[in-house]
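Trainee: Sharing a structure, written as C-alpha cells. Questions coming.
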Amino acid sequence: MSKFDIDLERARKRQTRLYLLLGVGGILLALGIAVPLFFVSATVVEISPKQASRIAELRVTRGPALAFGNKVYSFAGPIGLEITANGYLPAQLEFSGDAANFVEVRLSEAPGRLTAATVPASETTNWYLNGKFASFGSSLSVELRSGEYELTLDNRFYEKEVLKVGIRKGQTTDLKFDLTPIEGLLKLRSTPSGARVTLNGKPMGSTPNQLELAGGIYSIELSHPDRKNLSDKIEITSSRRIVERAYKLLFEDAFVSFRLEPAGGLLLLDGQRLDHVERARVDALKTHTVTYLKDGYFAETQKFHLAPFEEKRLALRLRKELGRVEISSRPSGLVSINGKELGRTPLSIELPAINHDVVISKAGYRPYKQKLLPSSKTVKRIDVKLQTELQARLAENPETYKNSLGLTMRLFHPGEFTMGARRSEKGQRANEFQRRVRLSKPFYVSVYEVTVEQFSRFRPVKPAPGNAKHPITNVSWLDAVQFCNWLSRKDGLEPVYRLRGGRYLGVNREADGIRLPTEAEWEWLARKAGRKKTSRFTWGDQYIIPPSSGNLADESTKGTVDLYIPNYDDGYPRIAPVGSFGPDQAGLFDMSGNVSEWVHDLYSLVPPTGRRLELDPFGASFGDSHVVKGSNWRSGSLTELRAAFRDGLKAGRDDLGFRVVRYLYGKNDATN
C-alpha cells in the first residue's frame, strides 16, 4: 500500500470517529433537553379582576421556576410568586410546583391618597369627608378608596368650604385651600365712657366704639384717668360674628396699714384673713370692714372709706376679756389650772377668756381633766363627782374585747354564792365540799376555750387535718400557765405566775395578767352568772338534757364509753370546733361538754372548816395535782354533767383543755 493510500485510510478512520462522537453528543444533548422537560410542570395563574389581569406582572420569589405571561414553569418543590399591577396592592402566593396546574389570585385595589392644606395655615380647622369628621389641624392626609367624596373645611374664623373630590386608585390628589376670613363687628361701651381702646397693641379710638374685624382672637385693653386698666380677650367666629361688650371701669386702689395691740391676733379685712399689716390694697370709694381678734381679748371692728390713691393707717387696740369660773367637786379636790395649783374646791376665780387645762385631783381618785374657755358673758361652772380608780376603770372598759391573740374576752361582775353540792344531791361526790364564797373583783373571761391554732402561736403543735378550731388538748397544767404568762406579756399585762426553769414557784394575786380561772370563778360562771339563782347544771336544774346543750357522750359514743346519754344526739362523735353549740345564759360557750378544763387550784380533799365566808379564794396551798372542772365529749353520767363536779389530775388528756381569765384590776387597793 502506497503512502497515499495509508494517509487516506487514516483520514477515513478519523472521519468515522468524528461522526461517531458527533452522533453520541447529539443523542446526549437530546436526552439532556428531553429529560428535564419531562420533569417540568406548567402552572396557569388566573388573575382577577380583568382590569388587573391585563397589566399584571409575575415575579418568582422562591424556588426553581420561570414565569412567562400568566404561566409559571417549575420543578417539584415549593414556589413563591409575587403578582403586581399598577393601581392594585401586590399579592404574594405560594404553591407546590408538582401539585398545582391552576391557581387563582384576586388583587385588591390600592387606595388613593388625599392631601389638603389651608392657606394661610390654620390649626383651628376641622376636616370632614361625606359629613364625617376626618381630622383637625392645618392639613389633611388620608388614604381613601377610589370614588367621589365631599370634602368640607370648617374653621370658626373663616368661611366654610365644600368641594367634590375624585380619588383614583393608587394616585395622590393634592389640594390647597385659600381661606376667606369671616367679617365681624365689635361693639364697645364703658362706664365711664371715653376710655382709650387698644386692640392687639394698636390704638383704636375711645369708647363707645364699633370696629369691623376679621375672624380671630383679639386682646382688648381699656384705660381711663383715675380708673384701673382693664384687659379682656374676645373672639370673632362664624357662630358669633357680632360681639358686644359693656365694661365698668373700677377706681384706682387705695392703701391701708394697721397698728395692732397686742400683736399675734387674727386680722380680718372684709371677712378675709390678712397676713400683712403694711399697705394693704383696697378698692377706693367703697366701705370696708376690718376686725381684729385674739384669744383672751374683746374683738374690735372698724369701718373705713378711702379715695383713689389715698393711704391711711388704722390703730386697733384690744381690751382683755375675763370670765368667771366656779369649780366644785365631790369629794373636795385640789384644782390646778395650766399646771399651777390655785386652791381646793369649791373655787371661784376670774380667768382670761382663753382655753385653760383644768385638773381636779385627790389621792385615791382618778384625776378629772377638762379644757375650759371662760367668757365675760356667762359664768362657766364645773361640778364633778370624782371617781375611784376602780370606778373609772369600770366606766371606761368595754363589756367585751378581743386581745392580741383574737380571744374574745367578756367582763363579769361576780358576787357571793355557795359552791359545791349537798350530800343529798343526786350524783354528788364526797369531794364536792360546800363553801360560801365571795368574789369581789370584776374579771374578764375568754368566751371560748383556747384553740389549737391560738396555742400554736405560743408553742408549735403537730397539726391534724381540720383541727385548727378545736380546743387544745393533751397539755399539762404547767403548759397552760406558761401560755398565760406568754399572752400576758404579749398584751402588755403583768404576768400572774412566777416560773423559773420550767418550774412553778407561786402566783402574784395582785397582777392583772392572763391566768386560769380559779375553781370558785369557774363554778360561779357555770352555775350563777347570768342566772337568777345558782343552778345544778349549766342549762338549769332539770335532769332532762335539752337538745344541743353541748358535745356530750351521745348515742354515737355507744360502745366506746362506759356510759352514754340515751336519745341524745349532738352531731359530733368526738371533739367539735369551739363554739359549735349556742352560748349559755352567761354568754359563754362549751361550759358543758366538748373538753373538760384546767383551773388554777391545787386539788385537795381537805374539807373546809366551819361556814366562814371565803374571799376570792385561789385554792389549797399544797397538793400534787390540779382541779379539773366541767364535762366533756365522753361524759354520760349524772355525776359528771353537774357543774359542781370536780376531779384532780397531774397530766393532760385528749379530752382536757382550758380557757383563761384576767382581773380588770390587780391590786386590792384599787377599791380604796
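Bear in mind that the values in this text are calculations on the coordinates, not laboratory data. Quick caveat: nothing in here was measured; it's all calculated off a predicted structure. Note that each Cβ is placed from the backbone with ideal geometry, even for glycine, and that neighbours are counted across all protein chains shown.
Trainee: Around LEU250, under 9 Å between beta carbons, what's the net of Lys plus Arg minus Asp minus Glu among the other residues?
Mentor: Here the charged neighbours net out to 0.
Trainee: Go through the range 325-414 and name the trypsin sites (Lys or Arg not before Pro) that are in a DSSP coil and have 14 or fewer other Cβ atoms within 10 Å of their Cβ.
Mentor: Those that pass, being in a loop and sparsely packed, are LYS377.
Trainee: Explain nothing, just the number: relative contact order of the chain, from Cα pairs under 8 Å at least 6 residues apart, as a whole percent.
Mentor: The value is 7 percent.
Trainee: Cβ under 9 Å from GLN428's Cβ, GLN428 left aside: what net charge do those residues give with Lys, Arg +1 and Asp, Glu -1?
Mentor: Here the count lands on +3.
Trainee: How much net charge surrounds SER549 when only other residues with a Cβ under 10 Å from its Cβ are counted (Lys, Arg +1; Asp, Glu -1)?
Mentor: Local net charge: -2.
Trainee: Further question: Set the bar at 31 Å for Cα to Cα. Now go through LYS132/LYS169; LYS294/LYS369; LYS228/LYS312; LYS426/LYS469; LYS469/LYS558; LYS202/LYS286 and name every pair that lies beyond it.
Mentor: Beyond 31 Å between Cα atoms: LYS426/LYS469; LYS202/LYS286.
Trainee: Using the crude model of +1 on Lys and Arg Cβ and -1 on Asp and Glu Cβ, and no other charge, please compute the dipole size for the range 254-317 relative to its Cα centre, in debye to 20.
Mentor: My answer is approximately 80 debye.
Trainee: Residue separation times 0.36 nm, minus the C-alpha to C-alpha distance between LEU615 and ALA121: what's the value?
Mentor: This chain segment gains 167.7 nm when fully extended.
Trainee: Can you compute the FRET efficiency between ALA214 and THR172 using 1/(1 + (r/R0)^6), with r the Cβ-Cβ distance and R0 = 35 Å? Round to the nearest 0.05.
Mentor: Result of the calculation: an efficiency of 0.60.
Trainee: Here is a further query. Just going by the charge dipole of the chain, with Lys and Arg at +1 and Asp and Glu at -1 on Cβ, which of GLY492, ASN474, VAL243 is farthest out on the positive end?
Mentor: Highest projection toward the positive end goes to GLY492.
Trainee: Let me ask something else. Taking amide H atoms as placed 1.01 Å from N in the peptide plane, list the residues 5 or more away in sequence, or in a different chain, whose amide H sits under 5 Å from that of GLY184.
Mentor: Sorted by chain and number, the residues that satisfy this are LEU213, ALA214, GLY215.
Trainee: Using the crude model of +1 on Lys and Arg Cβ and -1 on Asp and Glu Cβ, and no other charge, please compute the dipole size for the range 322-387 relative to its Cα centre, in debye to 20.
Mentor: 200
Trainee: While we're here: Under 1.5 on a/c is rounded, so check that first for the chain, then, if it is not, pick prolate when a/b is larger than b/c and oblate when it is not; a ≥ b ≥ c are the square roots of the alpha carbon gyration tensor eigenvalues.
Mentor: In terms of gyration-tensor shape, oblate.
Trainee: Something else now. List the GluC sites (Glu not before Pro) within the range 233-306 that DSSP assigns to loop and that have no more than 13 neighbouring Cβ atoms inside 10 Å.
Mentor: For GluC sites (Glu not before Pro) across the range 233-306 that sit outside H, G, I, E and B with at most 13 neighbouring Cβ atoms in 10 Å, the list reads GLU278.
Trainee: Further question on the same structure: Quick query: amide H of VAL507 versus all other amide H atoms, modeled in the peptide plane; which residues come in under 5 Å with a sequence gap of 5 or more or a different chain?
Mentor: Sorted by chain and number, the residues that satisfy this are ARG498.
Trainee: Continuing with the same structure: I'd like the Karplus ³J(HN,Hα) series for the range 504-517: coefficients 6.51, -1.76, 1.60, θ = phi - 60°, whole numbers in Hz, and an x wherever there's a Gly or Pro.
Mentor: Karplus-based 3J(HN,Hα) across the range 504-517 equals 7, 10, x, 9, 9, 6, 8, 7, 9, x, 6, 8, 7, x Hz.
Trainee: Separate question: In whole Hz, what ³J(HN,Hα) sequence does the range 355-370 give by Karplus (6.51, -1.76, 1.60; θ = phi - 60°), x for Gly and Pro?
Mentor: For the range 355-370, the Karplus curve yields 5, 10, 9, 9, 10, 10, 10, 7, 4, x, 10, 6, x, 9, 10, 7 Hz.
Trainee: Taking 8 Å as the Cα distance limit and 6 or more residues as the minimum spacing, I'd like the relative contact order of the range 254-317 as a percentage.
Mentor: Across the range 254-317, relative contact order equals 45 percent.
Trainee: Now for a different question. Taking θ as phi - 60°, what are the ³J(HN,Hα) couplings along the range 76-93 by the Karplus curve (6.51, -1.76, 1.60), each to the nearest whole Hz, with x for Gly and Pro?
Mentor: 5, x, x, 10, x, 9, 10, 10, 10, 8, 4, x, 10, 6, x, 10, 10, 9
Trainee: Let me ask you something else. Dipole of the range 397-672 (Lys/Arg Cβ +1, Asp/Glu Cβ -1, origin at the Cα centre): which of VAL595, ASN567, ASN397 lies farthest to the positive side?
Mentor: Looking along the dipole axis, the top candidate is ASN397.
Trainee: Turning to a different aspect of this structure: Give the residue from LEU318, LEU269, LEU151 lying farthest towards the positive end of the charge dipole for the chain; charges sit on Cβ (+1 for Lys and Arg, -1 for Asp and Glu) and the dipole is referred to the Cα centre.
Mentor: LEU318
Trainee: Shifting gears a bit: Compute, for the chain, the length of the dipole vector about the Cα centre, with Cβ point charges of +1 (Lys, Arg) and -1 (Asp, Glu) only. Units Debye, rounded to 20.
Mentor: In debye, rounded to 20, the chain gives about 1620.
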